[in-house]
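Okay, so here's the structure we're looking at.
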Amino acid sequence: MAREDSPVPSRSVVCRRAFFGIVAGCFALLAGGAGYAQQSGAFTAAGAFSYKWNVAPPFEAIMPIDIRWALIWTGHLEATFHGDFDAVLRQGTQAWQKSKGHALTETLPDEQVVELVSEGLKQRDAVGWAILRDPAVGFSVGVPTKLVTFDAPRQERDTLGYHGEGAVIQSVVVHFGDPSCRTMDAYYARFRKASYRGRQDRWFVALARMPDHHSYVKAVCHEAGMVTATMGIRIEDVEGHRRLFAAMATSLTLMRNLDPTARPRPKVEELPAAPMDPSQGQVARPRPTGTAPANIDTAGMTDKLKLVRRAGDDLRAEDVFAKAASAVYMVKADKSIGSAVAVSETDLLTNCHVVGDKTHVLLVRGKQELKAAVVSMNVNADRCVLRTDAKLPKWVEVRPYDDIKVGERALTIGTPQGLELTVAEGIVSSKRSQNDSKLIQTSAPISQGSSGGGLFDAQGQLLGITTFYFKAGQNLNFAVAGEEFARPDSRAD
């Protein structure tokens, strides 16, 4: 990283002189990580790498920080680079694409994002990555529990040390009083013989290459003292474990209430299981199980719906509701409750996870009930079509997917928690794809029981069927595009 005659190197100088073992320093510089947590929580906002996964994480669970973590764990964050961090990420993702035989693209397609993150999670879990946390003292850092075991902390004069040994050697030393941010210059100078080093205002990194091992240090200062995390890897093991340098440095976190004088109470905490249950505040896309009965079409499509492009001015929310709500029904399938939207005088669209394994359901409006049969069921795409013998009084037209604009108003009408005909408003946040389905992301709220309801535009036309939401972030709500339910020969509009 920076040479001794460059005590405060620029970001570009630091990173141009990097090599892979020191990439953590450049990574943290470009990410702007000073190493402080606002609360006693984790290093980042909740993302896929905050959890353990038994399956590949859904695309909607993946946050921008997860791409950086994935590149670290797969070893595809470039060792030396020029330019800004966007260029670094592009270089790293393209290196990963090349390793997988994918065509190089400027941005990763959604399915490759999931593949990259899944591979990174697998590499992380292979070393037993966990968090060494001492909330009393006020720091946390990642540790590879399959490669290192920590002893009880030891007090030595003005330092508190946490030391671990194994296939790698790792330690955390908490200094009280000195060094601190006020004396950081002098402390940084002690590492002038390091092979590479670099510094920002409140922290620095350094790498020493010894004959038998490489030793990597990240130090973060505080008004009350300093925390120094060090990892040593034997020369013969560096190639296989060098990604641990970046992972350790990126994970080092100081809490704002750092207290080096506190009685230590360290814990090595496994990462929590991915919260996929609604009671835990996070819901992933439901994955229906089983297959369609032998006598039911498996396309999940109908030729009854009509595609119509947008024309005319926006209506008020109350006018959209008055126009579209009469086409929305509650669906009862045994113990399951959801919604469906009529798109013709006989056909309605819903999700297969609402229907389950039933071939007949009840449509409910107020005190009236109407029988409907499941006539087309694409379980993998979660698209089901219902059909009634009686003629439906109202139905809606469907907007083509390519006519839908990101940023336009959108309203949901459905049956959340069994509450009939509930309306909520937002915008079209994005257009995405998953499992070969075209999805519409919206900020209009979706709750349990909303599945199978309608996402409508500001003229009362159907944009999509509300399908799932994900609370790893805010307003991550999704609908399957209505056009996906149209048979190919009926899509001309």
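What follows is calculated from the coordinates using simple rules that are stated; it is not laboratory data. This structure is a prediction, so every number in the text was calculated from the model and none was measured. Virtual Cβ from ideal backbone geometry, glycine too; neighbours counted across all protein chains shown.
Other residues within the sphere of radius under 13 Å centred on the Cβ of residue 357, judged by their own Cβ, net out at +1 (K and R +1, D and E -1). Remark: the Cα gyration tensor places the stretch 210-277 in the oblate category, a/c being 1.5 or greater and a/b not exceeding b/c.
Can you classify the stretch 338-409 as rounded, prolate or oblate using the Cα gyration tensor, where a ≥ b ≥ c are the square roots of its eigenvalues, rounded means a/c under 1.5, and otherwise it's prolate if a/b beats b/c and oblate if not? Oblate. Remark: the Cα gyration tensor places the stretch 317-490 in the rounded category, a/c being less than 1.5.
The charge dipole of the stretch 317-490, taken about its Cα centre with unit charges on the Cβ atoms of Lys, Arg (+1), Asp and Glu (-1) only, comes to about 340 debye.
Number of Lys-Lys pairs in the stretch 317-490 with C-alpha atoms under 14 Å apart and a separation of 8 or more places or on different chains: 9.
Taking the fewest neighbouring Cβ atoms within 10 Å as the starting point, the ordered list for 59, 204 is 59, 204. For the peptides 366-378, 63-75, 299-311, the ranking by mean Cβ contacts within 10 Å, running from highest to lowest, is 63-75, 299-311, 366-378.
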